[in-house]
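Here the structure is laid out as structure tokens; the discussion comes afterwards.
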Amino acid sequence: MAKQEDDFKRVISHAKEYGYVFQSSEIYDGLSAVYDYAQNGVELKKNIREYWWRAMVQLNDNIVGLDAAIFMHPTTWKASGHVDAFSDPLIDNKDSKKRYRADVLVEDYVAKIEGKIEKEVTKAAKRFGNTFDKQQFLATNQRVVEYQERATTILKRLGKSLENEDLADVKKLIEELEIACPMSGSKNWTDVKQFNLMFGTKLGASADTAIDLYLRPETAQGIFVNFLNVQKTSRMKIPFGVAQTGKAFRNEIVARQFIFRMREFEQMEMQFFIKPGTQKEWYEKWKENRMKWHLSLGLGEENYRFHDHEKLAHYADAATDIEFRFPFGFKELEGIHSRTDFDLSKHQEFSGKKLQYFDTDENKNYVPYVVETSIGLDRMFLAIFSNSLKEEELENGTTRTVLKIPAVLAPTKAAVFPLIKRDGLPELAHEIIDDLKWDFNVLYDQKDAVGRRYRRQDANGTPFCITVDHQSLEDKTVTIRHRDTMEQQRVAITDLKAIIFKEVDMKNWLIKM
Ligand code: GAP
């Protein structure tokens, strides 16, 4: 646990030191669970968004984009169920006065059991070496089977109590498991209560005419209310999807873990409209498709897993999370939900406007069903950033800090160095930059010895360093150093663009999907 905490602290401080993420309004001591993206962070975020958008919109001729407003008519949220049901079950500790999400307390308890299972697996893998069969071990080891059964029973009970809104049973579960306040160790709990997560605001100048609004807690509703507009103007036939990225706001009570759980965050969502009855098939297809997208970035298959929901949201008939191994354990990165016709039907009912599709093959009207994929851009940022930060021991006994961000997403693709600050080397370095900058983000650095400049760019996540020396003036060649292997090659200046392009071109990454 202490190692996990140390690793996570290192991620947070590196993000600040290298201009990725700052605490919002830091000079005023910050605002809790609100963050700003700095010069490198904004580029990484933009590249992740672009990587998602291309995979969704550009590569699928039956998916189009949308950018709906953050403010929506207040009835939207009544219809969607958010006014009545978008809440978290909260519990206070009477001694420490700290407030927690009751379900998260139980889930953290289960995560500890899962940690024990992982420990048993690691121990056994060491003991049995090459002959180790993980699946067989999980299915037959008595202790592990008991742990698994215990974890499943607890989650099932939690799911059932939440679904039945039996908050008294959630409290009982916390007491039975003897869960203590992580701050004080006290087990003196209040009752569990629901707390709505939407931020309210007002539209209009005078107090008597102002309308109460909500800041959207998800981008999805902007897609639902535009369903017919998009379908008609794009002349899309079912099945088709609408994709959108944008800010969402939630008054998260337990806002911790850096940019994992924020009050203002960005979502990348896609609603796929389908014929009723085909939802199971599309749900499976989108699960597979989204996992392939994740794996194409090469962060390691072992760092992802599916986690099916025990407790379904008010709109879903099936739901799963793609979980990622964050520095604090496996947690939700993306949700895939079979939303039925809940949203369109509700908007139809509340607006009095038909939101139906005329299926020419079936010769009838119906309200389409929806399968949704929904990923938090900030969480994806954290997944990539934390997975990429490495401390490496080098052959000469020193260590280096390197941020191995997939080259396709790296904020700066190349740094160009003149070996020394005179003899025409800076001028040639600038010429190279002037040529490369039309295609890539590149930067110039002439400060310190070249070795230190390499280290700086390693820690910054820059995949290539290009060094201009005296030979460059004679034969128009330079050395290019690769961040991950530290290998150096002598290449013609005219070949640089092609070498970099091969590594950072989105096509070469997305094609792995
Ligand atoms: N439209 C469905 C929906 O919003 P969700 O599971 O509540 O579903 C989808 O959210 C994704 O949004 C999550 O998987 C997560 O990546 C991201 N997300 C949700 N709440 C967040 C928060 N407070 N901070 C950062 N990301 C969040």
Mind checking which residues of the stretch 24-46 are open to solvent by less than 60 Å² (accessible area, probe 1.4 Å) and not in a helix (DSSP H, G or I)? SER24, SER25, GLY30, ALA33, VAL34, TYR35, TYR37, ALA38
Say we look at the stretch 67-102 and pick out the residues that are more than 27 Å from ASN164 (Cβ to Cβ) and of a type in the set (Ser, Thr, Tyr); which of these is most open to solvent (accessible area, probe 1.4 Å)? THR75
Are any residues in the stretch 355-370 without any contact (Cβ under 8 Å) to a residue 24 or more places away in the chain and within 16 Å of the ligand (Cβ to nearest atom), and if so, which ones? none
Subset of the stretch 451-483 [closer than 14 Å to THR401 by Cβ and part of a loop (DSSP other than H, G, I, E, B)]: GLY461, THR462, ARG483
Just name the residue that is nearest to VAL225 (Cα to Cα) out of those in the stretch 331-354 that are charged (D, E, K, R) and within 12 Å of the ligand (Cβ to nearest atom). ASP343
Scan the stretch 234-242 and give yes if some residue there is of a type outside the set (D, E, K, R), without any contact (Cβ under 8 Å) to a residue 40 or more places away in the chain, within 16 Å of the ligand (Cβ to nearest atom) and within 19 Å of ASP343 (Cβ to Cβ), otherwise no. no
Check THR373 against each of (1) within 15 Å of the ligand (Cβ to nearest atom); (2) open to solvent by 10 Å² or more (accessible area, probe 1.4 Å); (3) part of a strand (DSSP E or B) and name the one condition it does not meet. (2)
Hey, among the residues in the stretch 386-435 that are of a type in the set (D, E, K, R) and under 18 Å from HIS482 (Cβ atoms), which one's most open to solvent (accessible area, probe 1.4 Å)? GLU395
Note on the stretch 159-200: residues polar (S, T, N, Q) and touching a residue at least 40 places away in the same chain (Cβ under 8 Å) are SER184, SER186, ASN188, THR190, GLN194, ASN196
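Conditions (1) at pLDDT 95 or above; (2) at positive phi; (3) open to solvent by 40 Å² or more (accessible area, probe 1.4 Å), marked per residue:
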residue	(1), (2), (3)
LYS156	no, no, yes
THR201	no, no, yes
GLY241	yes, no, no
ALA255	no, no, no
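The values are calculated or read from the model by the stated rules, or taken from the named source; none is laboratory data. The shown structure was predicted, so the numbers you read here are calculated from the model rather than taken from an experiment. With ideal geometry, Cβ positions are generated from the backbone for all residues, glycine too; neighbour counts draw on all protein chains shown. For the accessible areas, the whole protein counts, side chains as well, though only heavy atoms, and no ligand, DNA or RNA atoms are used. Shrake-Rupley method; radii C 1.70, N 1.55, O 1.52, S 1.80 Å.
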